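Below: one structure, written as structure tokens.
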Amino acid sequence: MEDQVDEESLIVQLRTAFLQQNLEPFDSRDVSKIRNDDRAVLAYLKNCRFNLEKAFNMMTESLKWRKSFGVNDINKESFSPDLLTDPYLYFKGYGKHGEPLLVLQLQYHKKESEKLPDLKKYIAYLLENREGAKDYKKVIMLFNMSGCGLSNIDYDFIKYLISLLTEYYPDILDNLLVFEMPRLLSAAWTIIKNMLDEDSRDAIKFVNKSDVLEYVEKDQLPISLGGTNEVAATNVMENEFQSLVDKKQVTFTQQTSPRRTQSTTSSDSKTSPDKNMSPLQVTPHDTLTFSVQQSNAESLPQAIKMVNNREVQVAYKVKTTAPEHYRVKPTVGIIEPGQECEVSVQLTPGSAVTASRDRFLVQCTEITSPFKGDITEYWRSVEQGKVTEHRLRCKVVMNGVPSKRKLII
């Protein structure tokens with residue numbers, strides 16, 4: 001029985017056995033962690049139900065993979081802005097015991113996508129940072145399969161994900177929830193389950209909008225999953241998982257530090273701007289309108305146009321309360337003095353019904369000295385008092401008729 005297991009003795013035995021072998025196939029940083037971190041060793045023992053031989057084999061294969069994959073050398077500069085701004089993978093809400101909820105929108109996955117190698121690396125990076133966070137908590141991962149078809153099922157990719165969660169990061173997963181899987185994909189999932197061992201199969205829970213409430217309260221679930229959580233999804237690259245659970249997510253209406261100003265529409269705004277006005281002239285002024293033929297259709301791209309009214313560079317950042325509903329490119333950037341920039345915003349299929357609840361926030365700040373570095377990194381050091389905000393509501397026109405859903409301000 002596990003309550004009679006001498007964990008300390010088994011940790012010593014597993015560590016000793018691992019360190020006595022040829023260590024050349026492993027990254028020296030991983031070897032150091034095994035040598036000094038009891039939690040890292042215990043994770044493999046728990047995953048293998050304290051079977052020393054199985055734990056040794058899992059640890060060996062896992063650490064070989066880490067070196068071949070280059071996990072320790074992946075950083076945020078390894079990824080393109082396009083990958084980071086797609087509404088594909090995001091943290092939003094928490095489980096009933098404070099577990100961060102990581103949502104994967106499988107409807108956006110396409111087999112043989114050219115982004116697949118980078119996507120695999122990105123997911124490993126997220127889990128690596130979560131596993132090493134100071135406020136470590138296990139993760140609930142939710143595969144949102146609503147709207148998926150056979151073209152979204154990639155056996156190798158799904159098996160890779162499950163291997164990450166159950167073998168390479170053996171202490172990271174609390175539950176793996178498969179949300180609203182279409183019936184036509186049942187056969188596909190049977191094939192996938194037959195590829196897995198018993199423990200991996202036990203980690204998978206198939207849920208619908210009712211069942212998922214056993215794991216996540218309704219007010220923590222995103223609206224797209226049948227919940228009522230309207231707060232902004234966590235930008236996992238910016239937070240890097242530090243104090244993720246302790247930081248309360250806020251809606252735009254709860255943020256009070258930045259200055260709130262309106263964009264000028266004066267024709268001479270470029271030559272003699274009011275210093276109390278926004279450095280950017282933002283168009284549209286207050287409402288972003290999307291036109292769709294039907295509720296499950298994709299909208300035509302809309303543009304947020306920004307004109308720099310200042311004689312210095314202006315950095316901007318575009319946020320939304322529902323990143324899973326939109327494709328926004330680019331989300332950050334720099335506009336040179338007197339120049340303009342357009343951000344493309346596209347409503348994703350199936351998001352029109354609730355889009356009138358969504359809002360966009362354009363943040364901007366003047367850069368007093370010429371800047372050519374990483375603009376995402378720059379935003380981390382900006383004082384909130386120097387940030388100006390411009391807010392946009394969302395409206396949907398369905399077949400030429402505005403949606404009747406009440407707008408939440």
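Might you check whether a residue that is out of contact with any helix residue (DSSP H, G or I) (no Cβ under 6 Å at 6 or more places or on another chain), modelled with pLDDT of 85 or more, open to solvent by 50 Å² or more (accessible area, probe 1.4 Å) and not small (G, A, S) occurs anywhere in the stretch 344-352?
No, the stretch 344-352 contains no residue that is out of contact with any helix residue (DSSP H, G or I) (no Cβ under 6 Å at 6 or more places or on another chain), modelled with pLDDT of 85 or more, open to solvent by 50 Å² or more (accessible area, probe 1.4 Å) and not small (G, A, S).
I want to confirm something. Restricting to the stretch 330-340 and keeping residues that are open to solvent by 30 Å² or more (accessible area, probe 1.4 Å) and assigned to a strand (DSSP E or B), which single residue is farthest from T289 (Cα to Cα)? Break it down into steps so the answer makes sense when it comes.
Residues of the stretch 330-340 that are open to solvent by 30 Å² or more (accessible area, probe 1.4 Å), as a first pass: 330-332, 334, 336-340.
From what's left, assigned to a strand (DSSP E or B): 332, 334, 340.
On the way: V332: 21, I334: 25, E340: 21 Å.
Here the answer is I334.
Within the stretch 33-49, track down each residue that is surrounded by fewer than 19 Cβ atoms within 10 Å (Cβ to Cβ) and either in contact (Cβ under 8 Å) with a residue 12 or more places away in the chain or touching a strand residue (DSSP E or B) at 6+ places or on another chain (Cβ under 8 Å) (or both).
Scanning the stretch 33-49 gives R35, D38, R39, K46, R49.
Is at least one residue of the stretch 275-282 in a loop (DSSP other than H, G, I, E, B), touching an Asp or Glu at 6+ places or on another chain (Cβ under 9 Å), at pLDDT below 85 and over 30 Å from L221 (Cα atoms)? Spell out the reasoning first.
Of all residues in the stretch 275-282, those in a loop (DSSP other than H, G, I, E, B) come to 275-279.
Among the residues that remain, those that are also touching an Asp or Glu at 6+ places or on another chain (Cβ under 9 Å) are: 278-279.
After this cut, where a residue has to be at pLDDT below 85 as well, the list is 278.
Okay, now just the ones that are also over 30 Å from L221 (Cα atoms), so 278.
Looking for residues that are in a loop (DSSP other than H, G, I, E, B), touching an Asp or Glu at 6+ places or on another chain (Cβ under 9 Å), at pLDDT below 85 and over 30 Å from L221 (Cα atoms), one finds at least one in the stretch 275-282, hence yes.
Quick check on the stretch 159-187: of everything there that is at pLDDT below 85, part of a helix (DSSP H, G or I) and touching a helix residue (DSSP H, G or I) at 6+ places or on another chain (Cβ under 6 Å), which residue is most open to solvent (accessible area, probe 1.4 Å)?
T166
Quick check: is even one residue across the stretch 326-336 out of contact with any helix residue (DSSP H, G or I) (no Cβ under 6 Å at 6 or more places or on another chain), closer than 19 Å to P284 by Cα and acidic (D, E)?
No - not one qualifying residue is present in the stretch 326-336.
Of all residues in the stretch 32-72, which are over 18 Å from D171 (Cα atoms) and either touching a Cys at 6+ places or on another chain (Cβ under 6 Å) or among the hydrophobic types (A, V, I, L, M, F, W, C) (or both)?
F69
May I ask you to list the residues in the stretch 212-226 that are part of a loop (DSSP other than H, G, I, E, B) and buried (at least 21 other Cβ atoms within 10 Å of the Cβ)? If you could, list the steps in order and put the result at the bottom.
Pass one, the stretch 212-226, residues part of a loop (DSSP other than H, G, I, E, B): 215-217, 221, 226.
V216, L221 - these are the residues of the stretch 212-226 that are part of a loop (DSSP other than H, G, I, E, B) and buried (at least 21 other Cβ atoms within 10 Å of the Cβ).
Could you grab me the full set of residues in the stretch 307-317 that are touching a Gly at 6+ places or on another chain (Cβ under 9 Å) and either among the charged types (D, E, K, R) or in a strand (DSSP E or B) (or both)?
Initial filter on the stretch 307-317 (touching a Gly at 6+ places or on another chain (Cβ under 9 Å)): 307-311, 315-317.
If the condition is that a residue be touching a Gly at 6+ places or on another chain (Cβ under 9 Å) and either among the charged types (D, E, K, R) or in a strand (DSSP E or B) (or both), then V307, N308, R310, E311, A315, Y316, K317 are the ones that fit.
The values are calculated or read from the model by the stated rules, or taken from the named source; none is laboratory data. If you're wondering where the values come from, they're calculated on a predicted model, not measured in any experiment. Virtual Cβ from ideal backbone geometry, glycine too; neighbours counted across all protein chains shown. Heads up: the accessible areas ignore ligands, DNA and RNA and are worked out on the full protein's heavy atoms, side chains in. Shrake-Rupley method; radii C 1.70, N 1.55, O 1.52, S 1.80 Å.
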